[in-house]
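Below is one structure, written out as structure tokens, with a few remarks after it.
The values are calculated or read from the model by the stated rules, or taken from the named source; none is laboratory data. Keep in mind it's a predicted model, so treat the numbers as computed, not measured. A quick note on method: Cβ atoms are made from the backbone with ideal geometry, for glycine too, and the neighbour counts reach across all protein chains shown.
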């Protein structure tokens, strides 16, 4: 792949990222409201519902050319649409430059990033992560490892002769953030981390171990990943929390002062239930449930019912979604985790005499 000049890959992946970002805007809009990504086939204005034509769908250009307004109803369009396209294009370029000349790592990271972008924005807006996105991310991560095993790539050897490294990464990811979930419940007797975050950690753990340099220990970057996620939560989450509390209505502040919960009453929980849910992530309970609901749609909650649950949920003013910070932590680990880990180990470990 590197026979072609670098500028070619930069331009190609940037344009590809813009186009993918345009589709991700559809994902971000439709999935939380229970909409289908296949029907309607054409994009439409969320205000007047008019179908968009080719001139309305040129990434970045249409948004600026139309003055950030719908060509028909003249209602303003959110800057998020422009931002998602630009962010995806820049992220694709950065990941390509980081991963090449390993083409398999490059493709896997681009696919994974295409899932992380909607997860970031959906969780930030709704405090939920769609199971379909978490499952797709996990499949991409394990698929990268399986490809490496089939091609006998260095760094993808089976552990102990039978275990794919991506599965080990998934298990460790679930255990790290599952521990946070359980510990938070033991401390506060309430949910400290959503199950969607634990499922996201499963996919991230599998991917992180699948794209690690062969010379590195498979789990070497996991401490950096956890620390980056926590630090980004503090550095970004605290200002976000303060800004969000300032915009809360007066009723919300009174509710907090009176000790009233802003969220609907949670089902009774227990330590056993918390541990069971973490185990449910390990044995792919979400994948089994997803397939079952696809085969038996009448026996599962409808998209309309799920949308009602999302709309009914009112997070407390002190709550922030952790998924976006896991995304930031994962990307920081991919880009700078290896040199920072190497520097720290060289500094911390005793020098041979």
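Across segment 187-205, the number of residues qualifying as assigned to a helix (DSSP H, G or I) and touching a helix residue (DSSP H, G or I) at 6+ places or on another chain (Cβ under 7 Å) comes to 11. None of 15, 37 is assigned to a loop (DSSP other than H, G, I, E, B), in contact with a helix residue (DSSP H, G or I) (Cβ under 9 Å, 6 or more places away or on another chain) and closer than 20 Å to residue 114 by Cα except 37.
Among the residues of segment 147-160, those identified as touching a helix residue (DSSP H, G or I) at 6+ places or on another chain (Cβ under 8 Å) and either outside any loop (DSSP other than H, G, I, E, B) or touching a residue at least 24 places away in the same chain (Cβ under 8 Å) (or both) are 147, 148, 151, 153, 155, 156, 159.
Of the residues in segment 301-317, at least one is in contact with a helix residue (DSSP H, G or I) (Cβ under 6 Å, 6 or more places away or on another chain), closer than 19 Å to residue 235 by Cα and in the same structural domain as residue 199 (by TED's automatic domain parsing). For segment 313-342, give me each residue that is under 23 Å from residue 87 (Cβ atoms) and over 21 Å from the mean Cα position of the chain (by Cα). Within segment 313-342, no residue meets the criteria. On the stretch given as segment 134-162, residues that are closer than 21 Å to residue 280 by Cβ and either touching a strand residue (DSSP E or B) at 6+ places or on another chain (Cβ under 6 Å) or surrounded by fewer than 18 Cβ atoms within 10 Å (Cβ to Cβ) (or both) total 2.
Considering every residue within segment 35-54, establish whether at least one is closer than 15 Å to residue 87 by Cα and either surrounded by fewer than 14 Cβ atoms within 10 Å (Cβ to Cβ) or at pLDDT below 85 (or both). No.
May I ask you to verify whether residue 119 is at pLDDT 95 or above, more than 28 Å from residue 37 (Cα to Cα) and either in contact with a helix residue (DSSP H, G or I) (Cβ under 7 Å, 6 or more places away or on another chain) or in the same structural domain as residue 280 (by TED's automatic domain parsing) (or both)? Answer is no for this residue.
Of the residues making up segment 66-83, those that are in contact with a helix residue (DSSP H, G or I) (Cβ under 8 Å, 6 or more places away or on another chain) and at positive phi number 1. Taken together, the residues in segment 40-56 that are in contact with a helix residue (DSSP H, G or I) (Cβ under 8 Å, 6 or more places away or on another chain) and over 19 Å from residue 78 (Cβ atoms) amount to 1.
When 239, 223 are checked against the criterion of being farther than 26 Å from residue 284 by Cα, modelled with pLDDT of 80 or more and assigned to a helix (DSSP H, G or I), 239 stands alone in meeting it. Scan segment 95-105 for residues that are part of a helix (DSSP H, G or I) and either within 18 Å of the chain's Cα centre (by Cα) or in contact (Cβ under 8 Å) with a residue 60 or more places away in the chain (or both) and the total you get is 7. Per the listing 136, 112, 63, 92, the residue uniquely more than 17 Å from residue 328 (Cα to Cα), part of a helix (DSSP H, G or I), touching a helix residue (DSSP H, G or I) at 6+ places or on another chain (Cβ under 9 Å) and at pLDDT 95 or above is 136.
Looking only at residues in segment 124-133 that are at pLDDT below 95 and assigned to a helix (DSSP H, G or I), the one that is nearest to residue 201 (Cα to Cα) is 131. Checking each residue in segment 1-35 for being in contact (Cβ under 8 Å) with a residue 24 or more places away in the chain and under 18 Å from residue 122 (Cβ atoms) picks out 20, 21, 22, 24, 25, 27, 28, 31, 32, 33, 34, 35. Among the candidates 308, 267, single out the residue that is exposed (fewer than 14 other Cβ atoms within 10 Å of the Cβ), modelled with pLDDT under 90 and part of a helix (DSSP H, G or I). After applying the criteria, what remains is 308. Restricting 124, 87 to residues that are within 14 Å of residue 24 (Cα to Cα), under 20 Å from the mean Cα position of the chain (by Cα) and surrounded by fewer than 23 Cβ atoms within 10 Å (Cβ to Cβ) narrows the list to 87.
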